[in-house]
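Trainee: One structure is given below, represented as structure tokens, and several questions about it will come after.
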Amino acid sequence: MESIARLAHRLAAIPLLILLVVFNVAVVMRYFLGRPLQSTEEISGLLMIWIIMLGAIAAEQDDQHLHIPLLLEMCSAKVAAAINLAMSLLSAAFLLYVSYVGLLLAMNVHFKVTGILRISYFWIDIAVPVGFVVIAIYMAQHAIRSARAAFSGHAQ
């Protein structure tokens, strides 16, 4: 499981590195050579959504998403685990639903291409379903841990 976590962190860094290189090349082209790169906006739009989704996966792996534990801290360990179980299941269900809708969107726009690079919008729109399905898998794992804690009486 540790190797999968490292892979997600590395995959999240790749589009960020590409974006950094593209922006630096764009600056050089515009200000030093007087020939702006026309495709910078399209490349950044494509890469930003992948950076966000891959970064969200890495954040979920590390349990770094924003949460407010005030209610859980006031409950017993068993009740807190039950609440975590319910929230994980609801979150996973919501993520899977949005993934399904996002997949339908991506499949419906596969013929539409960007203006300059001629890249299918499928590659932009598919980032959300991919990211949300992987996050839903991590949510399901969290739900399993919460269920064990809720039914065994041990805190997570």
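The values are calculated or read from the model by the stated rules, or taken from the named source; none is laboratory data. What you see is a predicted model; the values in this text were computed from it and never measured. Methodologically, a virtual Cβ is constructed for each residue, glycine included, from the backbone with ideal geometry; neighbour enumeration extends over all protein chains shown.
Trainee: Which of the residues spanning the range 108-142 are surrounded by fewer than 20 Cβ atoms within 10 Å (Cβ to Cβ), within 24 Å of Ala58 (Cβ to Cβ) and of a type in the set (Gly, Ala, Ser)?
Mentor: Correct list: Ala140 only.
Trainee: Quick check on my filter: what residues within the range 97-118 are more than 14 Å from Val133 (Cα to Cα) and of a type in the set (Ser, Thr, Tyr)?
Mentor: Thr114 - this is the single residue of the range 97-118 that is more than 14 Å from Val133 (Cα to Cα) and of a type in the set (Ser, Thr, Tyr).
Trainee: Can you tell me which residue among Ala56, Ala136, Ala80 is in a helix (DSSP H, G or I), touching a residue at least 40 places away in the same chain (Cβ under 8 Å), under 19 Å from Ile18 (Cβ atoms) and among the small types (Gly, Ala, Ser)?
Mentor: Details: Ala136 fails: under 19 Å from Ile18 (Cβ atoms); Ala80 fails: under 19 Å from Ile18 (Cβ atoms).
Going through Ala56, Ala136, Ala80 in turn, the sole match is Ala56.
Trainee: Related question: How about the range 143-156: which of its residues are in a helix (DSSP H, G or I), surrounded by fewer than 17 Cβ atoms within 10 Å (Cβ to Cβ) and among the small types (Gly, Ala, Ser)?
Mentor: Ala147, Ser152
Trainee: Based on what the data block shows, is Leu46 more than 30 Å from Ile144 (Cβ to Cβ) and at pLDDT below 90? Steps first, answer last, please.
Mentor: Values: more than 30 Å from Ile144 (Cβ to Cβ): yes; at pLDDT below 90: no.
No.
Per-residue answers, yes or no, for (1) at pLDDT 90 or above; (2) small (Gly, Ala, Ser):
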position: Leu70; (1), (2): no, no
position: Lys78; (1), (2): no, no
position: Ala81; (1), (2): no, yes
position: Val101; (1), (2): yes, no
position: Leu104; (1), (2): yes, no
position: Arg118; (1), (2): yes, no
position: Ile137; (1), (2): yes, no
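Trainee: Here's a follow-up. Looking at the range 59-95, which of the residues that are of a type in the set (A, V, I, L, M, F, W, C) and surrounded by 18 or more Cβ atoms within 10 Å (Cβ to Cβ) is farthest from Tyr138 (Cα to Cα)? Full working, then the answer.
Mentor: Just the residues of the range 59-95 that are of a type in the set (A, V, I, L, M, F, W, C), to begin with: 59, 66, 68, 70-72, 74-75, 77, 79-83, 85-87, 89-90, 92-95.
If we keep only those that are surrounded by 18 or more Cβ atoms within 10 Å (Cβ to Cβ) too, we end up with 80-81, 85, 92, 95.
Numbers: Ala80: 19, Ala81: 16, Leu85: 13, Ala92: 8, Leu95: 11 Å.
If we take residues in the range 59-95 being of a type in the set (A, V, I, L, M, F, W, C) and surrounded by 18 or more Cβ atoms within 10 Å (Cβ to Cβ), then Ala80 is farthest from Tyr138 (Cα to Cα).
Trainee: Sort out which residues of the range 59-77 are of a type in the set (A, V, I, L, M, F, W, C) and touching a residue at least 24 places away in the same chain (Cβ under 8 Å), and write them in order of number.
Mentor: Here is the first cut: in the range 59-77, the residues of a type in the set (A, V, I, L, M, F, W, C) are 59, 66, 68, 70-72, 74-75, 77.
Ala77 - this is the single residue of the range 59-77 that is of a type in the set (A, V, I, L, M, F, W, C) and touching a residue at least 24 places away in the same chain (Cβ under 8 Å).
Trainee: Something else now. Answer with yes or no whether Ser39 is touching a residue at least 12 places away in the same chain (Cβ under 8 Å), surrounded by fewer than 17 Cβ atoms within 10 Å (Cβ to Cβ) and more than 17 Å from the chain's Cα centre (by Cα). Break it down stepwise before answering.
Mentor: Working: touching a residue at least 12 places away in the same chain (Cβ under 8 Å): yes; surrounded by fewer than 17 Cβ atoms within 10 Å (Cβ to Cβ): yes; more than 17 Å from the chain's Cα centre (by Cα): yes.
Answer is yes for this residue.
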